[in-house]
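Student: Provided herewith is a single structure, encoded as structure tokens, for subsequent inquiry.
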Amino acid sequence: MRHILWERWTRAELTLDEAEVIALALQSAAITLHPTRGLLATAIKIACELGCAAYDCFDLALAQELQQPLVTADLRLVSRARADGAARFATLLLPLS
């Protein structure tokens, strides 16, 4: 989320005050953190299948493990996951629009 807020600020899609309000709201939200160590092999496999950086695939690996959808603003990841060879990931990804 930190990268998204910074990116939206650099594109002038958010003011600094708006980004700060969102960041403060997220800090007080009931968010569960999951360790990524156990996801490395799965994230690498997904990255190779989709042709994405492994960094981009950790969230997808977690979604797969938890059998929960991943809401993402990464439209490139959504597009690659919906490609013919990777259709099994398409149902896990919900684009944030």
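The values are calculated or read from the model by the stated rules, or taken from the named source; none is laboratory data. Note that this is a predicted model, so its numbers are computed, not measured. In this analysis, Cβ positions are derived from the backbone assuming ideal geometry, glycine residues included, and neighbour counts consider all displayed protein chains.
Student: For a quick check of your reading of the model, give me the residue pairs whose first member lies in the range 7-25 and is free of Cβ contacts under 8 Å to residues at least 40 places away in the same chain, whose second is among the polar types (S, T, N, Q), with beta-carbon atoms closer than 9 Å and at least 6 apart or on different chains.
Tutor: Partner pairs satisfying both residue conditions: 9/15.
Student: Inspect the range 71-91 for any residue being of a type in the set (Phe, Trp, Tyr) and under 11 Å from the mean Cα position of the chain (by Cα) and give the result as yes or no.
Tutor: For the range 71-91, residues of a type in the set (Phe, Trp, Tyr) and under 11 Å from the mean Cα position of the chain (by Cα): absent.
Student: Quick one: would you say residue 48 is assigned by TED's automatic domain parsing to the domain that holds residue 80 and either in contact with a Lys or Arg (Cβ under 7 Å, 6 or more places away or on another chain) or among the polar types (S, T, N, Q) (or both)?
Tutor: When the stated conditions are applied, residue 48 does not pass them.
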